[in-house]
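The values are calculated or read from the model by the stated rules, or taken from the named source; none is laboratory data. Not measured: the values here are computed from a predicted model. So basically every Cβ, Gly included, is an ideal-geometry build from the backbone, and we count neighbours across all protein chains shown.
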Amino acid sequence: MLLGVFQLGNLGDEAWSCHRHSGDTACFTGSHSLRYLFMGASEPDLGLPLFEALGYVDDQLFVSYDHESRRAEPRAPWVPSGTSSRQWLQLSQGLKGWDHMFTVDLWTIMDNQNHSKGSHTLQVILGCEVREDHSSRGFWRYGYDGQDHLDFRPETLDWRAAGPGARATKLEWEVHKIRARENRDYLERDCPEQLRWLLELGRGVLDRQAPPLVKVTRHVASAVTTLRCQALDFYPQDVSLKWLKDGQPLDAQQALPEDVAPNGDGTYRGRVAVAVAPGEERRYTCQVEHPGLHQPLSASWEPSLPGTLAVGVVSGISVCVVIFVTGVVFRTLRRRRASRAAAGDYMLADRG
């Protein structure tokens, strides 16, 4: 079976996210996903490998495999190097099996496309997502020469063709009902169990939560005023940023799409912008939701003093303080000198 059969016991509805150790129960919250990306070319003349596989838990790369080495390599510090566990050996054997199956699928698609010559590429993405309510969703898609090609539907055990060129392969694969049932079993049973095993390996890393720092800035250019809401340094990647006007969510057309990107240190940053009429900035609020926040966080733009004016005020206050202190010291010294002079005159007069 694809990528091995993972038998971790009777997990139950909640066991994918909870694990008991030393009498305590630790649970993973939020949604988590396991996905594999397979890619390769019919001929290696484009600088592309004949076959390469990458495996991700959420956004973390944990395994890689290539046709040249024919070995699965751990790519995350929480995956023990050289691990010999039964689950890892099953995963490695599954990737080796895909090395052969990928080539067969690529040539099948090429034949059905009448592409007997030239270099062509195939991409496969498959995996599953397990949500916080313990429901799951599987996905299995093929791309050919950079275009969507076929999409497996486990609920109906058939393939959806993205275009006329994919229909011949769709019909050919749907004849093999055993393969379709194996595909469904992997997506609905084995993949969630494999995800649970990987989450256990990555405990303390994959289940950490870093809430976002949120700030709203205003940008004025060419008579257009834009408010930009930024969420910074958060983990995991799952975040929601949306604009409210007078407390009501904006239509999708009114706000620019969310932009979420990695920082390079394991955390993420995101932003969403909205164009506003001058003078109406205070009517808009940015609402941010994230697993690391106990409740949605709201932020709005707050006008501040111009930088030069603020510096001037601070500088002016500093000068006043210096002048005041200097004056006090000067007056104190004058009084001491006057007192000493008066005392000296008295004593001389007394001696005389």
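For segment 218-270, filtering for residues that are in contact with a helix residue (DSSP H, G or I) (Cβ under 6 Å, 6 or more places away or on another chain) and either surrounded by fewer than 12 Cβ atoms within 10 Å (Cβ to Cβ) or in a loop (DSSP other than H, G, I, E, B) (or both) leaves 1.
Against the conditions (1) out of contact with any Gly (no Cβ under 9 Å at 6 or more places or on another chain); (2) closer than 21 Å to Glu52 by Cβ, Phe102 satisfies every one except (1). Annotation: Ser222 fulfils all but one of (1) hydroxyl-bearing (Ser, Thr, Tyr); (2) closer than 15 Å to Ser33 by Cα; (3) at pLDDT below 90; the unmet one is (2). Taking the stated definitions as given, is Glu172 in contact (Cβ under 8 Å) with a residue 60 or more places away in the chain and loosely packed, with under 15 Cβ neighbours inside 10 Å? In short, yes.
Going by the structure shown, is Leu37 at pLDDT 95 or above, surrounded by 13 or more Cβ atoms within 10 Å (Cβ to Cβ) and either within 23 Å of the chain's Cα centre (by Cα) or hydroxyl-bearing (Ser, Thr, Tyr) (or both)? Walk me through it before giving the result.
Working: at pLDDT 95 or above: yes; surrounded by 13 or more Cβ atoms within 10 Å (Cβ to Cβ): yes; either within 23 Å of the chain's Cα centre (by Cα) or hydroxyl-bearing (Ser, Thr, Tyr) (or both): yes.
Criteria met by Leu37.
Of the listed requirements (1) assigned to a loop (DSSP other than H, G, I, E, B); (2) of a type in the set (Gly, Ala, Ser); (3) out of contact with any strand residue (DSSP E or B) (no Cβ under 8 Å at 6 or more places or on another chain), Ala76 misses just one: (3). Within 15 Å of Ala41 (Cβ to Cβ) and surrounded by fewer than 19 Cβ atoms within 10 Å (Cβ to Cβ) - does that describe any residue in segment 68-84? Yes, there is a match, as at least one residue in segment 68-84 is within 15 Å of Ala41 (Cβ to Cβ) and surrounded by fewer than 19 Cβ atoms within 10 Å (Cβ to Cβ).
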